[in-house]
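Enquirer: Below is one structure. I have some questions about it.
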Amino acid sequence: MDELDRAIVNFLQGGFPVCECPFAEVAAQLQTTERELISRVDRLLQRGILSRFGPMYHAERMGGSLSLAAMKIPESDFERVAEIVNAMPQVAHNYARDHVLSMWFVLATETPQEHAVALGKIERETGYPVYDMPKIKEYFVGLRLAV
Amino acid sequence: MTLEASLDEIDRRIVLATQSGLPLTLQPYHAVARQVGVSPEEVMARMRRMIETGMIRRIGAVPNHYVLGYKANGMTVWDVPDERVDELGERVGALDFVSHCYHRPRHLPEWPYNFFAMVHGHDKSEVEAQARQIADLLGDADRGHDILYSTRILKKTGLRFG
């Protein structure tokens with residue numbers, strides 16, 4: 001990444017305008033051309049430096065229900081449980097973490113009922129209780145990394 | 001996930017056309033408009049409205065923190081008095097190294113933590129320094145905390161509206 005790439009990544013984390021020629025507007029602020037900007041963004045996406053470029057939709061406000069849930073799984077049973085949890089289409093992310101509560105996943109469902117049914121199914125099929133931690137309040141969501 | 005009933009057909013088509021990203025062309029909203037079958041003005045007006053109502057958090061780029069060298073991702077979790085969590089949550093959420101910040105329920109006795117702040121550093125010592133900054137900000141409201149690191153990604157499909 002050169003100086004311009006860095007400036008682009010930092011600038012675009014802050015936002016992108018909604019207007020006729022948004023790349024031209026951003027390019028002017030970064031002292032480059034809109035074609036150069038577009039090809040740089042394309043390359044940053046292809047190289048995996050940017051994982052997304054576009055609107056970030058707010059899942060709950062769009063009709064979904066999200067929850068973080070954790071399970072206490074002994075090492076010896078971890079792979080079996082991970083297989084069951086990962087097979088659920090409602091599980092969007094699943095991480096192993098270095099804690100007694102060793103498995104943490106995000107459950108995305110359309111209704112509270114579907115949420116309860118999915119958790120019940122995971123508990124039955126794995127034999128372990130799920131510690132459900134739906135957010136009570138969100139204070140901030142976003143990533144601001146200086147590069 | 002299916003989309004909110006209050007969205008009309010055109011909004012839905014805009015979401016489906018843009019959820020994986022904006023087209024990289026000189027006039028991206030015009031390209032979306034051609035795909036959706038309405039005027040570019042209509043697309044821009046609707047996307048501005050979705051920003052105003054919070055359905056779109058923002059339009060922009062998401063960096064891949066792993067590729068950028070932020071290899072230590074710590075889920076810092078805190079036991080904070082319930083009556084102070086909203087005030088403190090706003091302040092911790094404003095720290096620039098915090099990417100997600102929530103009030104969540106405890107599960108006593110195993111899980112005493114009701115406040116979550118996800119932080120990102122180049123290594124664990126940077127994450128620990130960030131946790132100390134949060135602890136300083138919380139002061140005596142920090143009744144106990146922990147940092148959980150992810151050791152493995154088991155699944156990462158993300159969210160998709162269909």
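Enquirer: With a ≥ b ≥ c taken as the square roots of the eigenvalues of the C-alpha gyration tensor of the range A:60-133, please select rounded if a/c is under 1.5 and otherwise prolate if a/b is larger than b/c or oblate if it is not?
Expert: prolate
Enquirer: If you build the convex hull over the alpha carbons only and average its shadow over all orientations, what do you get for chain B? Give it in nm² to one decimal.
Expert: Approximately 12.4 nm², given one-decimal rounding.
Enquirer: Under a 10 Å cutoff between Cα atoms, tell me which one of B:Tyr102, B:Tyr29, B:Tyr149 has the largest fluctuation in the Gaussian network model of chain B.
Expert: Most flexible of the set in this elastic network: B:Tyr29.
Enquirer: Starting from one equal scatterer on each C-alpha and no solvent at all, send me the Debye-based log10 I(q)/I(0) for the range A:1-84 at q = 0.14 Å⁻¹, two decimals.
Expert: So the normalised log intensities work out to -0.66.
Enquirer: Would you mind getting me the FRET efficiency between B:Asp140 and A:Gln113? Use the beta-carbon distance for r and R0 = 51 Å, nearest 0.05.
Expert: On the way: r = 41 Å, r/R0 = 0.81.
About 0.80, to the nearest 0.05.
Enquirer: How big is the gap, in Å, between the Cα center of the range B:110-136 and the Cα center of the range A:84-147?
Expert: 20 Å
Enquirer: Right, another one. In degrees between 0 and 90, to the nearest 10, how far off the longest principal axis of chain A does helix A:3-14 point, with axes built from Cα atoms?
Expert: That helix lies at roughly 60 degrees to the long axis.
Enquirer: Ranked by Cβ crowding within 10 angstrom, fewest neighbours first, how are A:Phe11, A:Phe53 ordered?
Expert: So the residues, fewest neighbours to most, are A:Phe11, A:Phe53.
Enquirer: Could you please state, rounded to a whole Å, how far the C-alpha centre of the range A:1-50 is from the C-alpha centre of the range B:7-76?
Expert: If we compute the Cα centre of each part, the gap is 15 Å.
Enquirer: Let me ask something else. Rounded to whole Å and sorted largest first, list the principal axis extents of the Cα atoms in the protein assembly as shown.
Expert: 56, 41, 38
Enquirer: Oh, and also: Relative to 2.2 N^0.38 Å, what does the C-alpha radius of gyration of chain A come to as a ratio? Two decimals please. Mind dumping the intermediate values first?
Expert: Numbers: Rg = 20.4 Å, N = 147, 2.2 N^0.38 = 14.7 Å.
Normalised Rg, Cα atoms only: 1.39.
Enquirer: Based on DSSP H runs of at least 4 residues, each adding -39500 (n - 2.57), what is the mean residue ellipticity at 222 nm of the protein assembly as shown after dividing by all its residues, to the nearest 500 deg cm²/dmol?
Expert: Only helices count here, giving -11000 deg cm²/dmol.
Enquirer: Follow-up question, since we're still on this one. Could you name the aspartates and glutamates whose alpha carbon sits less than 19 Å from that of A:Lys121, not counting residues in the same chain fewer than 8 places away?
Expert: Candidates past the 8-residue exclusion: A:Asp77, A:Glu79, A:Glu83, A:Glu110, A:Asp132.
Enquirer: Also, quick follow-up: Below 8 Å between Cα atoms, with a sequence gap of 6+, how large is the relative contact order for the range B:9-52 in percent?
Expert: Value for the range B:9-52: 31 percent.
Enquirer: Quick check on the exposure proxy: order A:Cys21, B:Cys101 from fewest to most C-beta atoms within 10 angstrom. Provide the component values of the computation, followed by the final result.
Expert: Values: A:Cys21 16, B:Cys101 27.
Neighbour counts put them in this order, fewest first: A:Cys21, B:Cys101.
Enquirer: Would you mind checking the tilt of helix B:9-18 against the longest principal axis of the Cα atoms of chain B, expressed as 0 to 90 degrees and rounded to 10?
Expert: Helix B:9-18 sits roughly 70 degrees off the main axis of chain B.
Enquirer: For the range A:3-46, would you read off the P(r) tail past 14 Å as a percentage of all alpha carbon pairs?
Expert: The calculated P(r) of the range A:3-46 puts 42 percent of pairs beyond 14 Å.
Enquirer: Right, something else. Subtracting the Cα-Cα distance from 0.36 nm times the residue separation, let me have the gained length for B:Arg91 to B:Glu42 in nm, one decimal.
Expert: My answer for the length gained is 13.9 nm.
Enquirer: Starting from the 7 Å offset along Cα-to-Cβ, what nm value, one decimal, do you get for the label separation of B:Ser150 and B:Lys124?
Expert: 1.8 nm
Enquirer: What is the angle, in °, between the Cα long axis of helix A:112-126 and the longest principal axis of the Cα atoms in chain A? Nearest 10 is fine, range 0 to 90.
Expert: 60 degrees
Enquirer: What list of ³J(HN,Hα) values in whole Hz, one per residue of the range B:135-140 in order, does the Karplus curve 6.51 cos²θ - 1.76 cosθ + 1.60 (θ = phi - 60°) give from phi, with Gly and Pro shown as x?
Expert: 4, 4, 5, 6, x, 6
None of the figures in this text is laboratory data; all of them are computed from the coordinates on show. Just so we're clear, the structure is a prediction, and the values are computed from it rather than from any experiment. So basically every Cβ, Gly included, is an ideal-geometry build from the backbone, and we count neighbours across all protein chains shown.
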